[in-house]
Amino acid sequence: MSSPPAPAAISPPELVARARQALGFAYARYSNFAVAAAVIDERGRLFQGVNVENASYGLTICAERAAIFSAVSQGARRITAIAITAEKTKALEPCGACRQVMLEFCEPGTRVFLDTGTNEPIERTVGELMPHAFTLKDVPV
Ligand code: THU
């Protein structure tokens with residue numbers, strides 16, 4: 001039996017566009033700072049996420065983690081590309097907690113696209129964002 005065709009690759013500007021598409025769903029009533037992300041999993045599936053704030057501020061979850069956790073919750077185990085956009089900031093850099101979560105599900109070479117507001121996002125890799133990191137390899141099991 002043949003396997004289903006591989007999903008068409010999504011270009012960086014397209015992935016950024018999918019992140020932008022989710023911005024309106026951000027629940028950012030305390031900071032009024034909407035952030036959204038889009039990620040692709042190992043099966044080529046797309047997942048979007050937004051920041052979700054809380055009256056108990058520290059419970060807020062960032063858009064990047066919301067997107068990755070959504071993917072993992074639907075069976076993803078590897079994330080192959082990430083795009084991030086924010087309403088009021090160009091080329092928003094992901095926070096440290098999100099970088100740590102990226103490491104768990106990405107390769108060091110996985111590309112992270114930061115929306116510049118143009119058709120040319122800034123490109124980083126997870127390894128650039130989080131060098132010398134604590135990962136699975138450091139956990140004594
Ligand atoms: N935020 C994100 O969603 N992603 C980041 O990488 C940085 C910060 C959100 C969290 C909070 O809702 C708002 O931005 C202000 O910190």
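Key figures for this structure:
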{"quantity": "Every residue from region 67-99 that is assigned to a loop (DSSP other than H, G, I, E, B), without any contact (Cβ under 8 Å) to a residue 60 or more places away in the chain and of a type in the set (D, E, K, R)", "calculated": "77, 78, 88, 90, 93"}
{"quantity": "Residue, most open to solvent (accessible area, probe 1.4 Å), within region 78-95, restricted to residues that are away from the ligand (no atom under 12 Å from the Cβ) and touching a helix residue (DSSP H, G or I) at 6+ places or on another chain (Cβ under 7 Å)", "calculated": "78"}
{"quantity": "Meets criteria (within 21 Å of residue 10 (Cβ to Cβ) and within 11 Å of the ligand (Cβ to nearest atom)) for residue 28", "calculated": "no"}
{"quantity": "Subset of region 24-42 (residues that are of a type in the set (A, V, I, L, M, F, W, C) and part of a strand (DSSP E or B))", "calculated": "35, 36, 37, 38, 39, 40"}
{"quantity": "Filtered residue count, region 57-80, keeping only those that are within 14 Å of residue 43 (Cα to Cα) and among the basic types (Lys, Arg)", "calculated": "2"}
{"quantity": "Failed condition for residue 64, given (1) in contact with a Ser or Thr (Cβ under 7 Å, 6 or more places away or on another chain); (2) part of a helix (DSSP H, G or I); (3) closer than 18 Å to residue 17 by Cα", "calculated": "(1)"}
{"quantity": "From the options 65, 45, residue that is charged (D, E, K, R) and surrounded by 15 or more Cβ atoms within 10 Å (Cβ to Cβ)", "calculated": "65"}
{"quantity": "Sole exception among (1) more than 9 Å from the ligand (Cβ to nearest atom); (2) acidic (Asp, Glu); (3) in contact (Cβ under 8 Å) with a residue 24 or more places away in the chain for residue 64, by number", "calculated": "(1)"}
{"quantity": "Close pairs from region 11-22: first closer than 11 Å to residue 82 by Cα, partner among the charged types (D, E, K, R), Cβ under 6 Å, at least 6 apart", "calculated": "16/115"}
{"quantity": "Of all residues making up region 111-131, the number that are part of a loop (DSSP other than H, G, I, E, B), without any contact (Cβ under 8 Å) to a residue 40 or more places away in the chain and over 17 Å from residue 97 (Cβ atoms)", "calculated": "3"}
{"quantity": "Members of region 96-141 that are open to solvent by less than 90 Å² (accessible area, probe 1.4 Å), over 16 Å from the mean Cα position of the chain (by Cα) and within 16 Å of residue 17 (Cα to Cα)", "calculated": "117, 118"}
{"quantity": "In region 43-53, the residues that are in a loop (DSSP other than H, G, I, E, B) and more than 9 Å from the ligand (Cβ to nearest atom)", "calculated": "43, 44, 45"}
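The values are calculated or read from the model by the stated rules, or taken from the named source; none is laboratory data. The shown structure was predicted, so the numbers you read here are calculated from the model rather than taken from an experiment. FYI the Cβ positions are ideal-geometry reconstructions off the backbone, even for glycines, and counts take in every protein chain you see. Please note that ligands, DNA and RNA were not included when accessible areas were found on the heavy atoms of the full protein model with its side chains. Shrake-Rupley method; radii C 1.70, N 1.55, O 1.52, S 1.80 Å.
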